[in-house]
Amino acid sequence: MNFRFDIIQEYLPFFLQGMGLTILMSVIGVLMGCILGFFIALGKMSPILIVRLPFIWYINFLRGTPLLVQLFLFHFAVLPSLLGETTPVLSVIVTLSLNSSAYVAEIFRAGLQSIDKGQAEAAHSLGMNKVQVMWHVLLPQAFKRSIPPLGNEFIVLLKDSSLGAMIAAQDVLYWGRAASNEYLKVWEPYLMVALIYLVLTLSLTYLLNYIEKRLDVK
């Protein structure tokens, strides 16, 4: 096999550009997912059924349908209907954010429900209201316990962002496909794409392991 290093050298600036976009879309997606997921988790934990139901349906839909189908729906139907037009990057960010929020909601819900109810009762007995109990007692513990699954969700989201290439978002995989189509080669561009994702996911894994140790997550 004649391995063409010159293809990788030629497309390296584009791969690096795509890597930056991949990181950007993933970071925004996971941050928005965490914010939305927190409120969705609270909604699903509501004791009132009529309040709970929309959040249950939201989570079930986004967890029960393929991410690629969601991406096509948002890019070709939902966002154009709402905004008039959209871009591949915006569509990827919106889809990743909403998809992630459904998984993060379940992570936060599990974290909150794992805390002994006696702690909330003790805090109320000290004069704290519900907001203070949530902010000062429950959330810090729930977040600490949620770090490992949240880290896994970030890693999954980082890899899933590659689906953006299907709608021409210029991420790492987009440039891998471009190089492959230009030179009719498979090994060189896709091995480079795989290597970039491997470096990103391993770096994120080691960073999360470090954070877990620093916070002494049990």
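Details
- No other residue among GLU153, GLU121 is assigned to a helix (DSSP H, G or I) and over 27 Å from LEU98 (Cα atoms) apart from GLU121.
- The set of residues in segment 1-52 that are over 21 Å from GLN170 (Cβ atoms) and of a type in the set (D, E, K, R) comprises ARG4, ASP6, LYS44, ARG52.
- Residue that is surrounded by the most Cβ atoms within 10 Å (Cβ to Cβ) [pool: residues in segment 134-149 that are in contact with a Leu (Cβ under 9 Å, 6 or more places away or on another chain) and under 17 Å from GLY43 (Cα atoms)]: ALA142
- The set of residues from segment 173-196 being surrounded by fewer than 18 Cβ atoms within 10 Å (Cβ to Cβ) and under 17 Å from ASP160 (Cβ atoms) comprises ARG177, ALA194.
- Out of ILE115, ILE93, one residue alone is touching a residue at least 12 places away in the same chain (Cβ under 8 Å), within 23 Å of the chain's Cα centre (by Cα) and farther than 16 Å from ILE40 by Cβ. It is ILE93.
- Annotation note: of LEU157, LEU208, LEU139, the sole residue that is of a type in the set (A, V, I, L, M, F, W, C), closer than 28 Å to ILE35 by Cβ and touching a Pro at 6+ places or on another chain (Cβ under 8 Å) is LEU208.
- Checklist (1) of a type in the set (A, V, I, L, M); (2) part of a helix (DSSP H, G or I); (3) in contact with a helix residue (DSSP H, G or I) (Cβ under 9 Å, 6 or more places away or on another chain) applied to VAL131, failing item: (3)
- Check on LEU163, at pLDDT 95 or above and within 18 Å of the chain's Cα centre (by Cα): yes
- Of the residues making up segment 161-172, none is out of contact with any Cys (no Cβ under 6 Å at 6 or more places or on another chain), buried (at least 18 other Cβ atoms within 10 Å of the Cβ), of a type in the set (Asp, Glu) and in a helix (DSSP H, G or I).
- The criterion of at least 2 residues that are out of contact with any Ser or Thr (no Cβ under 8 Å at 6 or more places or on another chain) and polar (S, T, N, Q) is met by the following helices (runs of 4 or more DSSP H) wholly inside segment 1-107: 5-44.
- Filter result for LEU191 (within 21 Å of TYR11 (Cβ to Cβ), without any contact (Cβ under 8 Å) to a residue 60 or more places away in the chain and in a helix (DSSP H, G or I)): yes
- Test: residue in segment 54-66 that is at pLDDT 95 or above, surrounded by fewer than 20 Cβ atoms within 10 Å (Cβ to Cβ) and among the small types (Gly, Ala, Ser): yes
- Verdict on TYR206 being outside any loop (DSSP other than H, G, I, E, B), within 15 Å of MET19 (Cα to Cα) and of a type outside the set (A, V, I, L, M, F, W, C): no
The values are calculated or read from the model by the stated rules, or taken from the named source; none is laboratory data. All figures in this text were calculated on a predicted structure; none of them were measured in a lab. Please note: Cβ atoms are built from the backbone with ideal geometry, for glycine as well, and neighbour counts cover all protein chains shown.
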